[in-house]
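**Q** Here it is, the structure, as structure tokens.
Since every read-out is calculated from the coordinates, none of them should be taken as a lab result. Everything numeric in this text was worked out from a predicted model, so none of it was measured. All Cβ positions, even for glycine, are placed from backbone atoms using ideal geometry, and neighbour counts span all protein chains on display.
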């Protein structure tokens, strides 16, 4: 089984959620590994995923394409004057999928991030028909971002496993948006809430059933 972890934006905690899920699945005896096909900037997300897999995968399999500029992949490819190697991404995905029971693939940035001049991250997910998990950062503006992203995922005809509300940054003592976002989104979204994660919290606080069949 494979799942795609996307976010309402960059820096919403996709890597944190992916790593929590990987550790929980592996602790439950599931042969689960992660993949971050594209890294732009440093490679810390991929390194965290490798660590969450207990070193059972090589970083160049987890992250086959590493662009140094901290921008969208298409922009990074223009800066570096080299194309994103889509063939290598497809090869490494097929390799991980053939060797492991579960693959959690983390996207780069948000749902519609451009990879090349004529391909978005979402196009690869559609190519592979992967069920999607949406990570939303619990902060002001998340309702609009979550509704728009969920609408786009569903318009692509992809199954939605559910959504995760993640406290990606330390909130102030009282924040009306942070306090009310969950109830508003639960009312508006036609998808299950898989987990609500407090700032820096571990371990995975939700059920693993959606990822184990």
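**Q** Can you tell me the 0 to 90 degree angle between the C-alpha axis of helix 86-99 and the longest principal axis of the chain, rounded to 10?
**A** Compared with the principal axis, the helix lies near 70 degrees.
**Q** Hey, can you rank 106-115, 175-184, 39-48, 204-213 by average C-beta count inside 10 Å, highest first?
**A** Packing proxy ranking, top to bottom: 106-115, 39-48, 204-213, 175-184.
**Q** Further, regarding this structure: Treat each spin label as a single point 7 Å out from the Cα along the C-beta direction, and report the residue 86 to residue 116 distance in nm.
**A** Each label point is offset 7 Å from its Cα along the Cβ direction, giving 0.4 nm.
**Q** Can you give the FRET efficiency to the nearest 0.05 for residue 11 and residue 98, using r as the Cβ-Cβ distance and R₀ = 45 Å?
**A** Calculated value: 0.90.
**Q** Continuing with this model, one more query. Let me see the P(r) profile for the stretch 40-162: every Cα-Cα distance counted, bins of 10 Å, each bin given as a percent of all pairs.
**A** The calculated distribution, bin by bin, is 11, 39, 39, 10, 0.
**Q** Right, something else. Counting only DSSP beta bridges with both residues in the stretch 2-212, tell me the antiparallel percent, nearest 5.
**A** Percentage antiparallel, nearest 5: 5.
**Q** Please give the calculated 222 nm ellipticity per residue for the chain, where each DSSP H segment of at least 4 residues contributes -39500 (n - 2.57) and the sum is spread over every residue; nearest 500 deg cm²/dmol?
**A** -12000 deg cm²/dmol
**Q** Express in nm, to one decimal, how much length is gained between residue 152 and residue 129 on full extension, taking 0.36 nm for each residue of separation and deducting their alpha carbon distance.
**A** Contour length minus Cα-Cα distance gives 6.8 nm.
**Q** Cβ neighbours within 10 Å, averaged per peptide: list 85-92, 124-131, 30-37 in order, most packed at the top.
**A** 30-37, 124-131, 85-92
**Q** For the stretch 1-77, what are Rg and Dmax over the alpha carbons, in angstrom?
**A** Cα only, the stretch 1-77: 12.6, 40 Å (Rg, Dmax).
**Q** Got the relative contact order for the chain handy, in percent, Cα pairs under 8 Å and 6 or more residues apart?
**A** 25 percent
**Q** How far apart, in nm, are the 7 Å Cα→Cβ label points at residue 160 and residue 1?
**A** In this crude spin-label approximation the distance works out to 1.9 nm.
**Q** Note the full-extension length gain between residue 183 and residue 47 as 0.36 nm times their separation in residues minus their Cα-Cα distance, in nm to one decimal.
**A** Difference between extended and current length: 45.5 nm.
**Q** If you don't mind, there's one more thing I want to ask. Kirkwood Rh, Cα Rg: Rg to Rh for the stretch 2-212?
**A** That ratio is 0.95, to two decimals.
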